[in-house]
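Undergrad: Before we start, here is the structure in question, set down as structure tokens.
What follows is calculated from the coordinates using simple rules that are stated; it is not laboratory data. Worth saying up front: this structure is predicted, and the values here are computed from it rather than measured. Glycine also receives a Cβ, built like all others from the backbone with ideal geometry; neighbour counts cover every protein chain displayed.
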Amino acid sequence: MQLRSTDQGQLDLFRARPSVITPRDAQDLMSWPFFSLAKSRRVTPIDFRMGEVSIRVEATIEHGMATIWDADILIWAASQIVDARDKGLRTSRLMAATPYEILAFIERGDSAHSYDRLKAALDRLQSTTVATSIRQSSERRRHRFSWINEWKERMDISGRPLGIELILPDWFYAGIIDDALILTIDRQYFGLTGGLERWLYRLVRKHGGRQTYGWSFDLRHLHVKSGSLSPFKRFTFDLREIVRRQPLPGYRLALSVDPDGRSRLNFQLNPVDPFASASATPCAPRGRTTRAVK
């Protein structure tokens, strides 16, 4: 697969650095239904409207829709770009890295199987198309893009992979360059195995942030916002199981019922351990409500 010479001529190559960096996520991707939450192939589009926000995500039969696990590659890209920018380095939508560097960051193995899965994820990201009104000047105006414009792999004469180059879309790159639209996430996120719990962590991190008193959502609102194909009854059952297991790093979940009978999911920061490592991210002082920390 070759990158178009017009793109290569207009963009400087940004070589991703193998150093340990803080994971960062794009708030737009944390708030809205952009990815399939299922491990099985999904081709049914996501067609979401809420207020002034509209999102249409379409997949190909060949590759299926990009999944929330595939989005780990976008988290890697955002983390690299924001860290480099903060250090005064020039960044670009045209990125280069070795498969090992990407897989190590998102905590996957470095086996041949992991590399094949990485290539399949890149194919899904490239073939999935999104049309959205988010960050557009008018609700009627939509920005259409794929999560990765193009990508290619380099190999030596024996067929051993040497590296990957990819081009990010303008919409995504603009969102991560804007510091107000980026949040840090817990590295334990990469260890979450379920699509729903991964989506839920990103939503909780976005809306609850470091707020002492947390946040809550009506379950039917959550169901719509997830973009999940699961019936509401199944969605509720899976949520109850997540609440029972408490897998989300840094947050405590609970279910409650409003006086009008509507079920709600409540979440707040885990209690602070006074003996926790000084390197841990501090919570907001008790009694204060703060906006999410970047």
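Undergrad: Which residue, 47, 258, 218, has the most motion in a Gaussian network model of the chain that connects Cα atoms within less than 10 Å?
TA: Between 47, 258, 218, it is 258 that shows the largest mean-square fluctuation.
Undergrad: So, one more: Take the chain, connect every pair of alpha-carbon atoms lying under 10 Å apart with a spring to form a Gaussian network, then pick out the residue of 261, 175, 214 with the largest mean-square fluctuation.
TA: Sorting by GNM fluctuation, first place goes to 261.
Undergrad: Ordered by packing density, taken as the mean number of other Cβ atoms within 10 Å over each peptide's residues, highest first, how do 189-197, 99-107 rank? Before the final figure, lay out each step's value.
TA: Details: 189-197: 17.2, 99-107: 18.9.
Highest to lowest by the protection proxy: 99-107, 189-197.
Undergrad: For the chain, what does the convex hull of the Cα positions come to per residue, in cubic angstrom? Intermediate results must be reported in sequence, preceding the final value.
TA: Working: hull volume 47.6 nm³, N = 294.
Hull volume normalised by residue count: 162 Å³.
Undergrad: Moving to a separate point now. Under a Cβ-Cβ cut-off of 14 Å, what is the net charge of the residues other than residue 245 that fall near it, where Lys and Arg count +1 and Asp and Glu count -1? Walk me through the numbers before you get to the answer.
TA: Numbers: positive: 198, 240, 244, 252; negative: 197, 238, 241.
Result for the neighbourhood of residue 245: +1.
Undergrad: Something else about it: By count of other Cβ within 10 Å, fewest leading, how are 125, 222 ordered? Each step should come with its number before you reach the end.
TA: Details: 125 25, 222 21.
With the fewest neighbours first, 125, 222 line up as 222, 125.
Undergrad: On to the next question. Report the normalised scattering of the range 98-239 as log10 I(q)/I(0) at q = 0.13, 0.20 Å⁻¹, calculated by the Debye formula with identical scatterers on the alpha carbons.
TA: With one equal scatterer per Cα and no solvent, log10 I(q)/I(0) is -0.83, -1.47.
Undergrad: Full extension from residue 98 to residue 184: what is 0.36 nm times the residue separation minus their Cα-Cα distance, to one decimal in nm? Walk me through the numbers on the way to the answer.
TA: Working: separation 86, 0.36 × 86 = 30.96 nm, distance 2.34 nm.
So the extension gain works out to 28.6 nm.
Undergrad: Go ahead and set up a Gaussian network model of the chain, Cα springs under 10 Å, then flag whichever of 171, 147, 199 fluctuates most.
TA: Largest GNM mean-square fluctuation: 171.
Undergrad: Restricting attention to the range 88-130, which trypsin sites (Lys or Arg not before Pro) occupy a DSSP loop and are surrounded by at most 12 other Cβ atoms within 10 Å?
TA: Working: sites: 90, 93, 108, 117, 119, 124; in loops: 90, 93, 108.
Here the trypsin sites (Lys or Arg not before Pro) that fit, given the DSSP loop and packing criteria, are 90.
Undergrad: Can you list the lysines whose alpha carbon is less than 23 Å from that of residue 39, not counting same-chain residues fewer than 8 positions off?
TA: 119, 225, 233
Undergrad: Which translational diffusion coefficient, to the nearest whole µm²/s, is obtained for the range 35-125 from the Stokes-Einstein equation, given a Kirkwood hydrodynamic radius over C-alpha pairs, 4 °C and 1.567 mPa s?
TA: Working: Rh = 14.9 Å.
Answer from the Stokes-Einstein relation: 87 µm²/s.
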